[in-house]
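Please read the structure below before turning to the comments.
The values are calculated or read from the model by the stated rules, or taken from the named source; none is laboratory data. Remember, it's a predicted structure, so these values are computed and weren't measured experimentally. Don't worry about glycine lacking a Cβ; one is built from the backbone with ideal geometry, like all the others, and counts go over all protein chains shown. Note: areas computed on protein heavy atoms with side chains; ligands, DNA, RNA excluded. Shrake-Rupley method; radii C 1.70, N 1.55, O 1.52, S 1.80 Å.
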Amino acid sequence: MKVRVHEEHAVTVVRRVPWGIFVALADGTEVFVDAMKVGHLDDQAGDRSIVVIVDDERQPIRGSLLDEDREIARRHRIVEQPVR
């Protein structure tokens, strides 16, 4: 699945590592969420959440579960909409 920065996606926690968690999009694409961007999620395998894409050019893709990042992404999406 091609994802773009500032998009929001429903995800499932796949695994935890000491520096963050890996979550999976519906198609299985993995997104890494740094420990500083996990927020309040009790990051156990199988947990579901909403991730916002913060970097779509790295491998793995980087995401955030923070409400603040979600709000920033929403503001960017509004600004990026083409004028008709």
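Laid out as a table, the results:
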{"read-out": "Subset of the range 28-44 that is open to solvent by less than 40 Å² (accessible area, probe 1.4 Å) and part of a loop (DSSP other than H, G, I, E, B) - its residue that is nearest to V3 (Cα to Cα)", "value": "T29"}
{"read-out": "The range 3-27: number of residues that are in a loop (DSSP other than H, G, I, E, B), under 24 Å from R75 (Cα atoms) and in contact with a helix residue (DSSP H, G or I) (Cβ under 7 Å, 6 or more places away or on another chain)", "value": "1"}
{"read-out": "Total residues in the range 52-66, condition of a type in the set (A, V, I, L, M), under 13 Å from F22 (Cβ atoms) and either in contact with a Lys or Arg (Cβ under 9 Å, 6 or more places away or on another chain) or open to solvent by 50 Å² or more (accessible area, probe 1.4 Å) (or both)", "value": "1"}
{"read-out": "Hits in the range 35-84 - residues which are over 17 Å from E8 (Cβ atoms), at pLDDT 90 or above and of a type in the set (K, R)", "value": "R58"}
{"read-out": "Residues located in the range 45-71, provided they are part of a helix (DSSP H, G or I) and without any contact (Cβ under 8 Å) to a residue 40 or more places away in the chain", "value": "D67, E68, D69, E71"}
{"read-out": "The range 17-52, residues that are out of contact with any strand residue (DSSP E or B) (no Cβ under 8 Å at 6 or more places or on another chain) and over 15 Å from D69 (Cβ atoms)", "value": "V17, P18, D27, G28, D42"}
{"read-out": "Pairs with Cβ under 8 Å, 6+ apart, first in the range 10-27 and closer than 14 Å to G39 by Cα and open to solvent by less than 20 Å² (accessible area, probe 1.4 Å), second assigned to a loop (DSSP other than H, G, I, E, B) and small (G, A, S)", "value": "V13/A45; V13/G46"}
